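Working notes, beginning with the structure itself.
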Amino acid sequence: MEQGQANAQPTDQRSPGVVLLHGIARTSRSLRKVERALQVCGFATLNLDYASRRKPLEALAADIHPQIADFASTRTQVHFVAHSMGGLLTRVYVAHHRPAALGRVVMLGTPNGGSEVADLLKRLAIFRAFYGPAGLQLTTVQDAALTSLPLPDYAVGIIAGVSAIDPIASRFILPRPNDGRVSVQSSKLAGMTDHATVKTSHTGLVRHRVAIDQTIAFLREGRFLTL
């Protein structure tokens, strides 16, 4: 899908809404399994596509605002579920365009403290060309758009993966444990409400049954299940 398109699921207006934000260089299709599970549980969904490789996070937040504002206007509560860089985008979005009925936020594999993989690859012209301005915001040395964000005063649940497909990044670049792209330690955020780990990779987080069940549990109860 191109920027500005979204997959929205109309339901009863009394149903809580969930905005889904994919990671960098991904699309809304990557979150379809999570979205379907949310819909089965009675949540209305707005699964957005956005130009993740073309603009910095603050500009992307402005881009997605009209659709989220329209969606939020018909909901009694609006949650966010975000994968990878989508979690950083959520934090920037809430800081600048906070919905009046903001609910809870679940982040899946979000590099809140940055990623050492991005630290290494940012030196390569092909990385900078492909991932664009937002890709450079994924490093452990964060720019003002992220360092200036206030600590969350809303409920944030973070799920981190502890299994990796890429053995080189997992063993030699990232602190352990990690999901092959983001370490467990880097996924954490000061002020978070709860944190959980799942034995899956960075890309696998959006498809893993336990991660999805934990996401739904946090949206409903404000805490993760004890497994």
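Read-outs throughout are calculated quantities, based only on the coordinates presented, and are distinct from any laboratory measurement. All values reported here derive from a predicted model rather than from experimental measurement. All Cβ positions, glycine included, derive from the backbone under ideal geometry; neighbour counts span all protein chains shown.
Projected onto the charge dipole of the range 6-221 (+1 at Lys/Arg Cβ, -1 at Asp/Glu Cβ, origin at the Cα centre), which of Ala190, Ala144, Ala44 gives the Cα projection farthest towards the positive end?
Ala44
Of the listed peptides 76-89, 148-161, what is their order by residue-averaged count of other C-beta atoms within 10 Å, with the highest listed first?
Put in order of decreasing packing, that is 76-89, 148-161.
Rounded, prolate or oblate: which fits the range 6-221, taking a ≥ b ≥ c as square roots of the Cα gyration tensor eigenvalues, rounded meaning a/c under 1.5, else prolate when a/b beats b/c?
On the way: a/c = 1.71, a/b = 1.37, b/c = 1.25.
Prolate, since a/c reaches 1.5 and a/b exceeds b/c.
Identify which of Phe43, Phe172, Phe130 has the largest mean-square fluctuation in a Gaussian network model of the chain, with springs joining Cα atoms closer than 10 Å.
The residue that fluctuates most here is Phe172.
For the range 116-227, what does the relative contact order come out to in percent, with C-alpha contacts under 8 Å and a separation of six or more?
Worked out over the range 116-227, it gives 23 percent.
Helix-only estimate, please: 222 nm mean residue ellipticity of the chain, summing -39500 (n - 2.57) across DSSP H runs of length 4 or more and dividing by its residues, to the nearest 500. Numbers along the way, then the final one.
Working: 8 runs with 77 residues, N = 227.
That calculation yields -10000 deg cm²/dmol at 222 nm.
What trypsin sites (Lys or Arg not before Pro) does the range 91-197 have in DSSP loop regions with at most 13 other beta carbons within 10 Å? Don't skip to the answer; put the middle values down first.
On the way: sites: Arg91, Arg104, Lys122, Arg123, Arg128, Arg171, Arg181, Lys188; in loops: Lys122, Arg123, Arg181, Lys188.
Filter output for the range 91-197: Arg123.
Pick out which of Leu20, Leu138, Leu121 has the largest mean-square fluctuation in a Gaussian network model of the chain, springs linking Cα atoms closer than 10 Å.
In this elastic network of the chain, the residue with the biggest mean-square fluctuation among Leu20, Leu138, Leu121 is Leu121.
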